[in-house]
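The values are calculated or read from the model by the stated rules, or taken from the named source; none is laboratory data. Here the structure is a predicted model, which is why all the values come from computation and not from measurement. A quick note on method: Cβ atoms are made from the backbone with ideal geometry, for glycine too, and the neighbour counts reach across all protein chains shown. With ligands, DNA and RNA removed, areas are computed over all heavy atoms of the protein, side chains included. Shrake-Rupley method; radii C 1.70, N 1.55, O 1.52, S 1.80 Å.
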Amino acid sequence: MTAWSNLAFLGLMAYLAPLYAQPASVEINGAPLPIRVLAQGPAETTADLQVICLFRSSPVNALHGSLTETNEKLHGLLDQLRRPELFRGGFGETMLITPPMGTLGAKKLLIIGLGNSQDFSPQRMQLVGEILYAEASRLAVAQPYFAPTILDGGVAKFTTGDVAEQVIGGVLRAAAIERTLRENKATGDSVVTGLTYLAGAKNVESTRAGIEKAIAAASKK
C-alpha cells in the first residue's frame, strides 16, 4: 500500500470511527440489582422493553430532544396519542406500545405519565421506579431500559442525579417487596435481573451519583 493509500485509509477510518463507536456505559458498584448507566437516547436502544415518561398531555408540555426523536421514529404516534381524551399523561398512568417494524429498536415501549410539569418534584419518581419494576416483571422482561425524559419533557430545574436517586429508590423498594413475598412463597421467581438507566453523555456522572445515593440509603434500612 502506498503512502497516499495509507493516508486515505486512515482518513476513512477516522471518519467512520464515530459511526461505530459504542455509547459510554458505567456499571454501578454495590447495587443489589445490577444497574448500569448508558449514554444513549431511548430512540436508539435495542431492548425488550424501553420505558420513558411523559408529562400531562397539554400544549404547554411540548416534546424536546429524545422525545422528539422517538416521536419522529414512530411517525408522529406520540402526538396522536397525547390528547386529553386518549393518553392524558396523568401521574402513574401507563401506556404500552408495540412499535411497528422499522421504527424503534425496542420490542415494547412503556410510557409512564408524570402529571403536571409545573409542580413536578423528583419525589414523584419513586412511584415511577416502582411501576417500572412491576411492569417489567409482569411483562417477563429481565433487562428493562429506562429513560426519565424529564429534561426532554421541558423541566430542567432538577439535576439528573436528583431524579435518578428517586427512581432507583422506587426500583429497590419494589425489588425488596418482591423478595419478601418470594421468601414467604407468596410469588414466583424474580424476573428482573438488571436495569439499564439512560442518560445524556454530559449527565452520566450526575446520574451515577444519584443512583449510588439511593443504593446507600437502601442499604441502611
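All but one of (1) charged (D, E, K, R); (2) in contact (Cβ under 8 Å) with a residue 12 or more places away in the chain; (3) surrounded by fewer than 20 Cβ atoms within 10 Å (Cβ to Cβ) hold for E165, so report the exception by its number.
(3) is the only condition that E165 fails.
Could you list, ordered by first residue, the pairs with Cβ atoms under 7 Å in which the first is in segment 77-97 and open to solvent by less than 30 Å² (accessible area, probe 1.4 Å) and the second is assigned to a helix (DSSP H, G or I), at least 6 apart or interchain?
Filtered contacts from segment 77-97: L78/T70; L78/N71; F87/L81; G92/L127; G92/I131.
Residues being over 16 Å from the mean Cα position of the chain (by Cα), part of a helix (DSSP H, G or I) and in contact (Cβ under 8 Å) with a residue 24 or more places away in the chain: count how many of those fall in segment 170-209.
Selection size over segment 170-209: 6.
Could you list, in sequence order, the residues of segment 1-54 that are buried (at least 19 other Cβ atoms within 10 Å of the Cβ) and at pLDDT below 55?
The answer is none; no residue qualifies.
For I112, work out the one condition from (1) open to solvent by less than 40 Å² (accessible area, probe 1.4 Å); (2) free of Cβ contacts under 8 Å to residues at least 40 places away in the same chain it doesn't fulfil.
For I112, the failing item is (2).
Being within 16 Å of the chain's Cα centre (by Cα) and over 19 Å from L96 (Cα atoms): is that true of E212 here?
Working: within 16 Å of the chain's Cα centre (by Cα): no; over 19 Å from L96 (Cα atoms): yes.
Spelling it out, it is not the case that E212 is within 16 Å of the chain's Cα centre (by Cα) and over 19 Å from L96 (Cα atoms).
Go through (1) under 27 Å from G89 (Cα atoms); (2) open to solvent by 60 Å² or more (accessible area, probe 1.4 Å) for A186 and report which single condition fails.
The failed condition is (1).
Within segment 196-206, is even one residue closer than 21 Å to E93 by Cα, open to solvent by 30 Å² or more (accessible area, probe 1.4 Å) and of a type in the set (D, E, K, R)?
Within segment 196-206, none of the residues are closer than 21 Å to E93 by Cα, open to solvent by 30 Å² or more (accessible area, probe 1.4 Å) and of a type in the set (D, E, K, R).
Going by what's in this entry, would L127 be described as open to solvent by 60 Å² or more (accessible area, probe 1.4 Å), within 16 Å of the chain's Cα centre (by Cα) and either closer than 20 Å to S57 by Cα or not basic (K, R) (or both)?
Details: open to solvent by 60 Å² or more (accessible area, probe 1.4 Å): yes; within 16 Å of the chain's Cα centre (by Cα): yes; either closer than 20 Å to S57 by Cα or not basic (K, R) (or both): yes.
Yes.
Looking only at segment 58-73, filter to residues that are in contact with a helix residue (DSSP H, G or I) (Cβ under 8 Å, 6 or more places away or on another chain) and hydroxyl-bearing (S, T, Y); which one of those is most open to solvent (accessible area, probe 1.4 Å)? It would help to see each step written out before you state the result.
We begin by selecting, within segment 58-73, every residue in contact with a helix residue (DSSP H, G or I) (Cβ under 8 Å, 6 or more places away or on another chain); these are 61, 63-68, 70-71.
Those left that are additionally hydroxyl-bearing (S, T, Y): 66, 68, 70.
Details: S66: 16, T68: 46, T70: 2 Å².
Ranking the candidates gives T68 first.
Return the total of residues in segment 132-154 being open to solvent by less than 30 Å² (accessible area, probe 1.4 Å) and of a type in the set (A, V, I, L, M, F, W, C).
Going through segment 132-154 one residue at a time, the tally reaches 6.
Within segment 167-221, how many residues turn out to be among the β-branched types (V, I, T) and over 25 Å from A39 (Cβ atoms)?
Count: 4.
Quick test for you: out of K157, K107, pick the one residue that is of a type outside the set (S, T, Y), closer than 17 Å to L54 by Cα and open to solvent by 70 Å² or more (accessible area, probe 1.4 Å). Explain how you work it out, then say what you get.
On the way: K107 fails: closer than 17 Å to L54 by Cα.
From the options K157, K107, the qualifying one is K157.
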